[in-house]
Structure formats: structure tokens, C-alpha cells
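**Q** Take a look at this one; I'll ask things after.
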Amino acid sequence: MSAPVDVEATAVPGSAGPDTAPRRRGTDISQLVGLHTSGALAILGVYLISNVAFVATTADILVHPWASWLAVALVSVGGVVVSRPHPDPFSSRLTYLVMAIVVVSTVLVAYALPDSGSLGRATWHLGANTWLLWFLILRRRIIRAWITGVLMLLITMAWAELSGRGLVSGLMLASPQVMLLLIATLFGAGLRRSTARINALAQRSLDAAAAAGAVEAARRIQDQRADELAEVAVPVLTAIATGAALTDDARAEIIRVEAQLRDSVRGRGLAMPAVVAAATRARERGVEVTLLDDRNVPLTGEESLAVVSAVVSALDSVVSGNVTARLLPVGREELLTLVSQCSDGETQRVVVAADAEV
């Protein structure tokens, strides 16, 4: 079953695509921005310390300081969560946790703020929560980050209205964070395009290496077959080229080599050491042996055992006549057919089924 496509992963033009794309191609934004590095840990440390310092320095103007302290604890947890190295898109479970942290911390700080007077850094939570949402956007949770940002804006406006500061005051207080979310969205789209280019270049390198490997493997196979051919045919060809009269043994050797070469071409899938040896023994007894490979697909281990056993048994049991062994094309009910015809006219047919049963 294929993995579902994440709607948020494709919400902005230039995104990398479905959830599986980064894992399939390798690089994602969390790797690109170096969330696993010591520099990222240092930035996280500055973020946590700054939030705590803002609460400590503004606690004297708060109506309920404990609420702001609880909020900074929650936001600190959120900072640790969003900076964890994790394949993109970010985990849905962790995304909902960060969304809850942003909403709850906004409500807590609003409860702690005074109804009048200058607020200063007492509204630290707006920037801190926007930082959390920024990372959700970069990590392909765009829609959920924007929903949470709008909720933060609405909560701030509701608090401003209830405290007597007015809706406009709340809007002015939180609206800069909306602009930061817009910047994060555009920045994330650019990063995703860069990531896609990096992954495309990496894939091209892999494809080029695979193609080069295939060419090298084919060349090695050709060299191996050429060496095998030279080992078998060169001595015979050399003897013929001398022009000397051929003895009966030499003629028999030429016939054996010709049959072996024919087997390696027409019956490549059957040209296994045990079968070749059995065919040689049968030909030495005067049996005509024909090996045919119409399968052209390598045999599995179980199939090879069944084929070798059947062919060797048939070749060793025939004293005279002819034996034809044929691997059938893929998709047939039968894997191999063996037809043995003795000089007295008796014919025997052996079949190896596709499930390797004789």
C-alpha cells in the first residue's frame, strides 16, 4: 500500500512533493539547515535562555507571574521538539503537540498580563511562539502552522478587548508575527526548491554510477566469456591450423568442443558444471545430447537443484540414442522438459513443473 500524500507538503509552490519524497531521495530541509549540528544546539540554548530572561525581568509587572513561568516551560519544551532531527514532513503527533503549546502558552501569558500600562518584553511569547511556527513551516506543516498563528492572533485580540485595550491594540501587538509567518512560508518554499535540486543532482550521480557499473559488469562478463571460449577452442583451433593429420582422438575432441560451445550458446541456462560433465559422459558413449534454453531468465536455487538432478539423471541413464533437455519460457506450467529416445525406439519424457516438482 502506498503512503498517503500530505496536503500540507504540497500547499506552497516549490514544495518537494509527497511525504515520501525526502525519505526516498535522501536530503530534506532539517538536514539542509543542520538541525543535527552543534550550532543548532547553541541557537536553541540562546532561545531558551532569552525566554526565561524575558519572564524574569518582567515578572514584577505581571498580575499572575506563575502563568508566565508555566508558559515559558511549555515553550521551552516546544523549542526542543521542533529542533529535533526528524524526516520531513514533521511528525503529525509532534506537530499537534507544538500547536497545543502555542495556544496554551498564549492563553497563559494573556492571563498573566496587566490590563493597563506598558507591557515591554512581557509579551515575549509572541516572538517565541512564532519561532516555533516558523520551524513547523520549514518542516512542511504549513497549514497547521498558519492555523495556529491565526489562533494566537485571535487570542491576543480577545485579551486586548477584554482588558480594555481594544481590538486594534491586540491586532497591532500580534500582526508583526503574521508577517514573519509569511516570510517563513516564502523562505521554506525557496529551501524546498533548493532541496529538490540537490536531490535531483544526487539522483543523477547515482544513475550515472549505476550505468557505469552496468557497463563495467557487462564488459567483465564479455571478458569472462571470451576467456572461457579461448580456453576451450584455442587448443583445437591451433591443432587444426597446423595442417597436421588429425587422429581419431583429435577428431573426437573437436566434436566434444563443438558440442560444448553449442551448449554454451543455445543452452546457456543449462550449461552448469554438473550438466556439462554429464553431457560429456553421454557423448563419449555415443549419445546425441541437445541442450536448449528458451527461458533466458536465471534459475532460482531450488529450480537449479531440480533441473540439475533431472538432467544429470536422464543423461546418465541413456546408453545410446539421443537426449533433448529444454528450459521452457517463463509463464509456462512446466519449467523443463526432458525427452530421451533410445536406439531401440523407446521414448521417455520427464517434466519438471514450474514449482520444481519432477
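**Q** Calculate, for Ser92 and Ser163, the FRET efficiency according to 1/(1 + (r/R0)^6) with r their C-beta to C-beta distance and R0 30 Å; round to the nearest 0.05.
**A** On the way: r = 35 Å, r/R0 = 1.17.
E between Ser92 and Ser163, to the nearest 0.05, is 0.30.
**Q** Right, another one. How far, in nm, would the chain grow between Trp66 and Leu206 when pulled straight, counting 0.36 nm per residue and subtracting the alpha carbon separation?
**A** Numbers: separation 140, 0.36 × 140 = 50.40 nm, distance 5.61 nm.
Contour length minus Cα-Cα distance gives 44.8 nm.
**Q** When only alpha-carbon atoms are used, what values of Rg and Dmax, in angstrom, describe segment 129-168?
**A** 12.4, 38
**Q** To the nearest µm²/s, what D does Stokes-Einstein give for segment 287-358 at 37 °C and 0.692 mPa s, using the Kirkwood radius over alpha carbon pairs as Rh? Walk me through the numbers before you get to the answer.
**A** On the way: Rh = 12.3 Å.
Translational diffusion coefficient: 266 µm²/s.
**Q** Express in nm, to one decimal, how much length is gained between Arg268 and Leu41 on full extension, taking 0.36 nm for each residue of separation and deducting their alpha carbon distance. Numbers along the way, then the final one.
**A** Numbers: separation 227, 0.36 × 227 = 81.72 nm, distance 6.08 nm.
Contour length minus the Cα-Cα distance gives 75.6 nm.
**Q** Here's something else I'd like to know. Ratio of segment 119-239's C-alpha Rg to 2.2 N^0.38 Å, to two decimals?
**A** Numbers: Rg = 32.1 Å, N = 121, 2.2 N^0.38 = 13.6 Å.
It is 2.36.
Any read-out appearing in this document is the output of simple, stated calculations on the displayed coordinates, not a laboratory observation. Note that this is a predicted model, so its numbers are computed, not measured. Positions of Cβ are backbone-derived with ideal geometry, glycine not excepted, and every protein chain shown enters the neighbour counts.
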